[in-house]
Amino acid sequence: MEMEIRVEGPLFHVTLAGETDGRRAEESYRAVLRECVAGGCSKLLLDCRGLSGELTTVDRFWFGKLVADENAAAHAAGNGHVQVVLVGHLPLIDERRFGETVATNRGAAVKVTDDLASAYRWLGLDPPAAPS
């Protein structure tokens with residue numbers, strides 16, 4: 001899996017590409033969140049539109065739980081609260097947003113969307129200008 005990271009003020013913007021599965025998604029999330037909080041960022045945008053693969057319902061459950069657990073651990077360690085938004089396309093993201101539901105039910109500030117501009121707005125940021 002390829003990863004490109006940009007820091008834009010409070011935003012830790014990660015663009016991911018390649019093949020993924022439940023295990024790779026979990027490993028990547030742990031690493032990305034660790035870098036995000038180490039850099040003092042409070043907003044994490046995971047642009048997964050370049051990823052291919054499919055997650056099972058069980059993968060989605062465990063990923064949502066992992067996101068909530070890792071975010072709670074980061075907060076408990078004094079790293080503040082991190083808002084997380086994941087941007088992707090079907091079938092990687094679930095139209096019912098099961099993983100999002102699992103994470104938010106456990107207290108995480110998480111949003112899953114297929115629209116980059118709405119991801120920025122959910123984070124309370126202005127979307128980037130459209131290329132001309």
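The values are calculated or read from the model by the stated rules, or taken from the named source; none is laboratory data. These numbers come from a predicted model, not from an experiment. Cβ placement follows ideal geometry from the backbone for every residue including glycine, while neighbour counts extend to all protein chains displayed. Quick note on the areas: whole protein, heavy atoms, side chains included, nothing else; ligands and nucleic acids left out. Shrake-Rupley method; radii C 1.70, N 1.55, O 1.52, S 1.80 Å.
Can you tell which of Thr104, Thr113 is under 13 Å from the mean Cα position of the chain (by Cα) and under 20 Å from Leu51 (Cβ atoms)? If you could, list the steps in order and put the result at the bottom.
Working: Thr104 fails: under 20 Å from Leu51 (Cβ atoms).
When all the criteria are applied, what remains is Thr113.
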For this session: Please work out if Leu45 is in contact (Cβ under 8 Å) with a residue 40 or more places away in the chain, open to solvent by 20 Å² or more (accessible area, probe 1.4 Å), under 20 Å from Glu4 (Cα atoms) and in a strand (DSSP E or B).
Result: no
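So that you can scan it fast, the table gives a plain yes or no per residue for (1) hydrophobic (A, V, I, L, M, F, W, C); (2) open to solvent by 40 Å² or more (accessible area, probe 1.4 Å); (3) in contact with a helix residue (DSSP H, G or I) (Cβ under 7 Å, 6 or more places away or on another chain); (4) not in a helix (DSSP H, G or I):
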{"position": "Phe12", "(1), (2), (3), (4)": "yes, no, yes, yes"}
{"position": "Gly18", "(1), (2), (3), (4)": "no, no, no, yes"}
{"position": "Arg49", "(1), (2), (3), (4)": "no, yes, no, yes"}
{"position": "Ala68", "(1), (2), (3), (4)": "yes, no, yes, no"}
{"position": "Ala76", "(1), (2), (3), (4)": "yes, yes, no, no"}
{"position": "His81", "(1), (2), (3), (4)": "no, yes, yes, yes"}
{"position": "Arg96", "(1), (2), (3), (4)": "no, yes, no, yes"}
{"position": "Val112", "(1), (2), (3), (4)": "yes, no, yes, yes"}
Exercise. Among (1) open to solvent by 40 Å² or more (accessible area, probe 1.4 Å); (2) not in a loop (DSSP other than H, G, I, E, B), which single condition is Leu33 missing?
Worked result: (1)
Exercise. Is one or more of the residues making up region 124-132 open to solvent by 40 Å² or more (accessible area, probe 1.4 Å), more than 18 Å from Glu8 (Cα to Cα) and at pLDDT below 95?
Worked result: yes
